[in-house]
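The values are calculated or read from the model by the stated rules, or taken from the named source; none is laboratory data. Quick caveat, the model's predicted, so the values are computed rather than measured. For neighbour counting, all protein chains shown are included, and Cβ atoms are generated from backbone atoms with ideal geometry for every residue, glycine included. Keep in mind that these areas ignore ligands, DNA and RNA; they rest on the heavy atoms of the full protein, side chains included. Shrake-Rupley method; radii C 1.70, N 1.55, O 1.52, S 1.80 Å.
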Amino acid sequence: MKTQTIEAGEWRGRCARRIRELDDRITEPEAQTVAQDVYDFERTRAMLPEDAADFVAQQMSQPEPPRFERRSKDRPENAPFMRSIVRFLTEPKNAS
């Protein structure tokens, strides 16, 4: 079965929309930044954009969120998280 390819801009737009559905406190620019990070991560880019947003939100809601990073042979123990995802999905939002 052939998988339909989604153009990058459409993928990020759909992912950003789903991120905003999951957390309406996230602004559009924040959702777009997170969607770009999700798209840049090879594992989540292989998913449908809505599924990728759901997966990341579920993972980040865990008491100890997993590391989101690219695989490499020389990956150090302190490899960085995808910082925008951690920041936008885990930091408390100010009440409006």
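Please go through segment 20-59 and pick out each residue that is assigned to a helix (DSSP H, G or I) and aliphatic (A, V, I, L, M).
L22, A31, V34, A35, V38, A52, A53, V56, A57
For segment 20-30, which residues satisfy the criterion of being in contact (Cβ under 8 Å) with a residue 40 or more places away in the chain and under 12 Å from the mean Cα position of the chain (by Cα)?
If the condition is that a residue be in contact (Cβ under 8 Å) with a residue 40 or more places away in the chain and under 12 Å from the mean Cα position of the chain (by Cα), then E30 is the only one that fits.
Return the residue satisfying two criteria in turn: it lies in segment 5-32 and is of a type outside the set (A, V, I, L, M) and open to solvent by less than 50 Å² (accessible area, probe 1.4 Å), and of such residues it is nearest to F55 (Cα to Cα).
Among those residues, the one meeting the criterion is C15.
Out of (1) assigned to a loop (DSSP other than H, G, I, E, B); (2) modelled with pLDDT of 85 or more, the odd one out for E77 is which?
Condition not satisfied by E77: (2).
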